1. I want to confirm something. Restricting to the stretch A:2-23 and keeping residues that are surrounded by 15 or more Cβ atoms within 10 Å (Cβ to Cβ) and at pLDDT below 95, which single residue is nearest to the other protein chains (Cβ to nearest Cβ)?
2. Among the candidates B:V162, B:V167, single out the residue that is assigned to a helix (DSSP H, G or I), among the β-branched types (V, I, T), buried (at least 24 other Cβ atoms within 10 Å of the Cβ) and in contact (Cβ under 8 Å) with a residue 40 or more places away in the chain.
3. Considering only the stretch A:79-89, state which residues are part of a loop (DSSP other than H, G, I, E, B) and more than 9 Å from every other protein chain (Cβ to nearest Cβ).
4. Mind checking which pairs have a first residue in the stretch A:1-15 that is at positive phi and a second that is among the small types (G, A, S) and open to solvent by 40 Å² or more (accessible area, probe 1.4 Å), Cβ under 7 Å, 6 or more apart or different chains?
5. Exactly one of (1) open to solvent by 30 Å² or more (accessible area, probe 1.4 Å); (2) free of Cβ contacts under 8 Å to residues at least 60 places away in the same chain; (3) part of a helix (DSSP H, G or I) is unmet by B:T66. Its number?
6. Looking at B:S240, B:S173, which one is hydroxyl-bearing (S, T, Y), open to solvent by less than 20 Å² (accessible area, probe 1.4 Å) and part of a loop (DSSP other than H, G, I, E, B)?
7. Of the numbered conditions (1) at pLDDT below 95; (2) among the small types (G, A, S); (3) on the phi > 0 side of the Ramachandran plot; (4) in contact with a helix residue (DSSP H, G or I) (Cβ under 6 Å, 6 or more places away or on another chain), B:A336 satisfies every one except a single condition; which is it?
Amino acid sequence: MSRISIEQVKHVAHLARLAITEEEAEMFTKQLDAIITFAEQLNELDTENVPPTSHVLNMKNVMRDDVPTAGLPLEDVLKNAPDQQDGQFRVPAILE
Amino acid sequence: MALFDYKLSELHGMLHKKEISVSDLVDESFKRIAEVDEKVQAFLTLNEEQARAKAKELDEKLATETEFGLLFGMPIGIKDNIVTKGLRTTCASKILYNFDPIYDATVMERLHEADAITIGKLNMDEFAMGSSTENSGFQLTRNPWDLERVPGGSSGGSAAAVAAGEVPFALGSDTGGSIRQPAAFCGVVGLKPTYGRVSRYGLVAFASSLDQIGPITRTVEDNAYLLQAISGLDPMDSTSANVDVPDYVSALTGDIQGLKIAVPKEYLGEGVSEEVRQSVLDALKVLESLGATWEEVSLPHSKYALATYYLLASSEASANLARFDGVRYGYRTDNAKNLIDMYKQTRSEGFGNEVKRRIMLGTFALSSGYYDAYYKKAQKVRTLIKRDFENVFEKYDVIIGPTTPTPAFKIGEKTSDPLTMYANDILTIPVNLAGVPGISIPCGFVDGLPVGLQIIGKHFDESTIYRVAHAFEQATNYHKQKPTL
């Protein structure tokens, strides 16, 4: 039984903002199915009472003083922008 | 003897005696790059003008001042996922082909303070996703020991540049083995520090709970100097640890009398080639002759590390790589009808297939209905893997095994099936999941290809790793071998 269908792969690609061709969708379905099938070996383990690890060190809520500092100069911020206008990032139309 | 056959301490002696100048060191780097990089293809961007100017400045400082940085005058290559102000940083991805960073990573600031000289930026697998540097969006880096073979990855450019004698020092990053595996394949010394030892500020994020920057060098002593320069708390990275940085070089006593070594049976079992296994057993004999003892132990959840890693790292990557959207920096598609279409086309044209695969795997593992079954399950197994290490470290000082199951493989040999490529990292991935430090040092050759010995330590105990690695290095000659190019 396959773990992921081509429709699911297309949906995931949309969520991840990736445009994929029909051919790519087929390739990724095959590959992701193999990886997910492989990953299901984790189900051999009983983890009912095991807490999850998101971070290996014992640290939590690292705080610092809230001291205002200068932001980046506008020129620097826009330096790498593919498109800009009037000191702002310019993008294609959001609504058609 | 080439200049970079000398250690930092020897080069500093020569500088102070005026036998060489800093400019000679920088000349040596660019001369060697001109000679061999056409073959090796380690560098993506060179910093020649700035490096030569910096060398002149340091030569003046040498003549007039008395205080010098720890890495004074040392040429260094930087993996291209570490941001360098004013020096193009691409992550070997088309999506950042023209990215000109507006700030320096914390490690770069520390290298400047240490008077090191940036020679250029080094090739890698795109966004550090890969084990052979074949996933670079720009060029194929080759193993200096055999140009038909991969240098390993993802820090393949960093390891190859050091092995080829182009730079004596390099920085890499390691998320699942990306420093240690290429170090093993290229016959150099590469350390992944404890998670939190080195600031990640300015390291373009792949998997934030696993990524660490670390040093790649030809000797253990040089490696310790470089780690010394870049380690320590950084207010810009809240996951950098508030733990004192010891004097790593002073740990290199050569004395490992009474050292207790654990050798996991899982690291010498199925999948590990007979020659690699034998090299590791020979290395253990050397360590025994120096007064250490070893026993076989078990890290019972090792076989689950690969699956755990690919679920967690890909999930984190899918979130981290959301920022590449063609709005603020990098590549943007020319053919977009509207904003959403622009995002999709930009990312599809800008990312390579391995990056897309991992983004999709991560997006799937985090999506509604699958989160508990995949992502959370993997986080729980991560706890079990971490406990395996804690149990062993209750009784032993270090864990030793091979760095990789085989020596360097051929270019193209493993590109057709992602899972085959991933399997190459089975011995390095558990270390990242547990957050402990690990090093790879040369411990032999199989058919002219280097083999790496992996030494794993307790959290924040890089000193013991270095002490063992140094003692082994002093007792052997593997680190003195050089590829002919």
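1. A:I4
2. Details: B:V167 fails: assigned to a helix (DSSP H, G or I).
The unique qualifying residue is B:V162.
3. Filtering the stretch A:79-89 for residues part of a loop (DSSP other than H, G, I, E, B) gives A:79-83, A:86-87.
Matches in the stretch A:79-89: A:D86, A:G87.
4. From the stretch A:1-15, no pairs qualify.
5. The one condition B:T66 does not meet is (3).
6. Details: B:S173 fails: part of a loop (DSSP other than H, G, I, E, B).
Result: B:S240 is the single residue among B:S240, B:S173 that is hydroxyl-bearing (S, T, Y), open to solvent by less than 20 Å² (accessible area, probe 1.4 Å) and part of a loop (DSSP other than H, G, I, E, B).
7. Only one criterion in (1) at pLDDT below 95; (2) among the small types (G, A, S); (3) on the phi > 0 side of the Ramachandran plot; (4) in contact with a helix residue (DSSP H, G or I) (Cβ under 6 Å, 6 or more places away or on another chain) is unmet by B:A336, namely (3).
Yes/no matrix, rows are residues, columns are (1) facing chain B (nearest Cβ under 9 Å); (2) free of Cβ contacts under 8 Å to residues at least 24 places away in the same chain; (3) open to solvent by 20 Å² or more (accessible area, probe 1.4 Å); (4) part of a loop (DSSP other than H, G, I, E, B):
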position	(1), (2), (3), (4)
A:A25	no, yes, no, no
A:F38	yes, yes, yes, no
A:Q41	yes, yes, yes, no
A:P52	yes, yes, yes, yes
A:V56	yes, yes, no, yes
A:K60	no, yes, yes, yes
A:P68	no, yes, yes, yes
A:L72	yes, yes, yes, yes
A:V77	yes, yes, yes, no
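The values are calculated or read from the model by the stated rules, or taken from the named source; none is laboratory data. Owing to the predicted nature of the structure, the values given are computational and were not obtained by experimental measurement. Note: ideal-geometry Cβ built from the backbone for every residue, glycine included; neighbour counts use all protein chains shown. For the accessible areas, the whole protein counts, side chains as well, though only heavy atoms, and no ligand, DNA or RNA atoms are used. Shrake-Rupley method; radii C 1.70, N 1.55, O 1.52, S 1.80 Å.
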